[in-house]
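Please treat every number below as a calculation from the coordinates, not as lab data. Note that the structure is predicted; figures quoted are calculated from it, not measured. No Cβ is skipped: glycine too gets one built from the backbone with ideal geometry, and neighbour counts run over all protein chains shown.
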Amino acid sequence: MQFWKMNGAGNDFLVLNNLEEKLPEEAFPALARTLCERRLSIGADGLMVVDAPRADGDYRMLFYNSDGSAGEMCGNGARCICRYGYEKGLAGEVQRVETAAGLVTGWRIDRRQYRIRLNDPSEVRLEYPVELEGTVWPCSYVELGNPGLPHAVVPYPGLREADGDELRELGRKLRWHPAFPKGANVNFCELTGPDQLYERTFERGVEDFTYACGTGTGSVVAVLTLLGKVSGKGVRAEMRGGVLTADAERDGDRIANLYLTGPTNIVCKGQVTDEELTRQDCV
C-alpha cells in the first residue's frame, strides 16, 4: 500500500490512492486510527483517500480524522490533495474535487502554493454566546458546505501568550458543549493588525490543537468580514504551522465566495509496512 505524507501550513495528512489500491471504503476508519498514531505509526492529523468521482469532479476526496471519524471536508487537506492530483496527472492546474460537503475547486499557483474555493457558508450566527461554568464566552458559529462542517469562532485577547494547558481544556469543553449539537472545531483568534490575525484551532476528531486549520481560517475570516473587522481581501492568518491567506467576498449580509491560499509540502512518499495492521483492516 503506497502513501504520500503531506502538510499544509503544518496540518499534516496521509494520502492513499484508492484508484490504485482498490480498498473497500469500510476499511478507511481503521486505517486512519492506526496510521495516524504519531508514536506507533506514521502519524498525521488525518487520512485522505483519492477515489473515483461520482459526479462532475476530477476525483473524489474522502477525509478521515486521526480518530477514524469521517470529516465533511478539510481546507488544508484539499489544498494538499489538489497538489497530489496535479502531480499524479489526475487533473490539471484547475481542478474540481468532490467532497462530502460539496464540490471544491482548486488552483495551482506555483509548485507549492495552492488555492481553493472553500464550500460556501450554509449557516452563520454572528452572535452566539456560550455559557460555560458561569462564564459567557463571546462566540460566532459557522457551518461550511452541506452537510455543514461546524466551526466556533472565539475571540481571545492575548492568544499568543495564553497558557497552553488552560487553552486546551477550554477548547475541549467548548468542542463538546451542548450548544453545538454536531460538536465544533473551536477557533480562537486575535486581531494583530489591519487584515492580520493569529489563530489556534482545537479540532474535532483530532481532539487537540493542530498546527493549522484551513476551514477554520476561512470561518474566522468570514465572521470577521461580516462584522466589519477585516476587509475580506488577502487577510493574513498566522498559526503555529505557518501563514494562510483568506479572501471572503461579501454580498450584503452573507459571504458569496470564500478562498484559501497557502503552502503545501510533500514530506515523504513510501510504502505502508505497519505490522499492527491486521488483514481485516485492509479487506
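For this structure, a couple of remarks:
- Overall form of region 29-154: oblate. Here a/c, set by the Cα gyration tensor axes a ≥ b ≥ c, is 1.5 or more, and a/b is not larger than b/c.
- Available extension along the chain between Lys233 and Ile266 is 9.1 nm, counting 0.36 nm per residue and deducting the alpha carbon span.
- Listing Val186, Val220, Val235 from fewest to most neighbouring C-beta atoms within 10 Å gives Val235, Val220, Val186.
- Sorted ascending by nearby beta carbons within 10 Å, beginning with the fewest, Ile266, Ile255 become Ile266, Ile255.
- Cα-based helix-to-principal-axis angle, 75-87 vs the chain, degrees rounded to 10: 30
- When the pairs Lys5/Lys182; Lys173/Lys229; Lys22/Lys233 are compared against a 32 Å limit on Cα-Cα distance, Lys22/Lys233 fall above it.
- Per residue, the convex hull around the alpha carbon atoms of region 121-262 comes to 100 Å³.
- Taking Cβ atoms as reference points and 9 Å as the exclusive limit, the residues near Gly148 contribute a net charge of -2, counting Lys and Arg as +1 and Asp and Glu as -1.
- Computed extension gain for Asn146 through Glu123, at 0.36 nm per residue and net of the alpha carbon distance, reaches 7.3 nm.
- Angle in degrees between helix 214-226 and the longest Cα principal axis of the chain, rounded to the nearest 10: 30
- Just checking the listed ones, Ala78, Ala256, Ala32: in the Gaussian network model of the chain with Cα springs under 10 Å, the one fluctuating most is Ala256.
- Restricting the calculation to Cα atoms, the chain yields a radius of gyration followed by a Dmax of 18.0, 55 Å.
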